[in-house]
Ligand SMILES: [Zn+2]
């Protein structure tokens, strides 16, 4: 989804309805925080954002809603490791840098990253996509040593 302006309540209701999601109050609150800008958020971060400005939304509701949005293609799950899942409001194909120091994701445009070979897929499967996470950290080596 391309977000060119902050969606208002009517936009958010329309977006959910187009995806066959019943726009309940809590889903709207979560969707509003999530789609306010293009971002990568964890469920915990989204829970904090939602609860900063609205009435209490439970952790279970945030998780269930994110799963529903992912299932309907409104967000993309980016699994960094088994303890860290981010939800990406940009659903088109792209890759990521994951900074382990700051625990943040940055987009890598697909045109600048090439996958030259994918091995034969297991029988009975089709390729859904290729998503690469490049893990990065601060280089603590002195600049002169790197040269
Ligand atoms: Zn992304």
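Ranked by how many other Cβ atoms sit within 10 Å of their own Cβ, fewest first, the residues 49, 113 fall in the order 113, 49. Take every DSSP beta bridge whose two residues both sit in the chain; close to 75 percent of them are antiparallel. Seen against the Cα atoms of the chain and their longest principal axis, helix 59-71 is set at about 70 degrees.
Ranking of 42, 92 by neighbouring Cβ atoms within 10 Å, starting from the fewest: 92, 42.
Counting other Cβ atoms within 10 Å as a rough exposure proxy, the listed residues 101, 107 run 101, 107 from fewest neighbours to most. Diffusion of the chain by Stokes-Einstein, at 10 °C in a medium of 1.306 mPa s and with Rh set to the Kirkwood radius over alpha-carbon pairs, works out to 92 µm²/s.
Quick note: the coordinates plus some simple rules give every number you see, no bench work behind them. Keep in mind that this is a model prediction, so the values were computed, not measured. In this analysis, Cβ positions are derived from the backbone assuming ideal geometry, glycine residues included, and neighbour counts consider all displayed protein chains.
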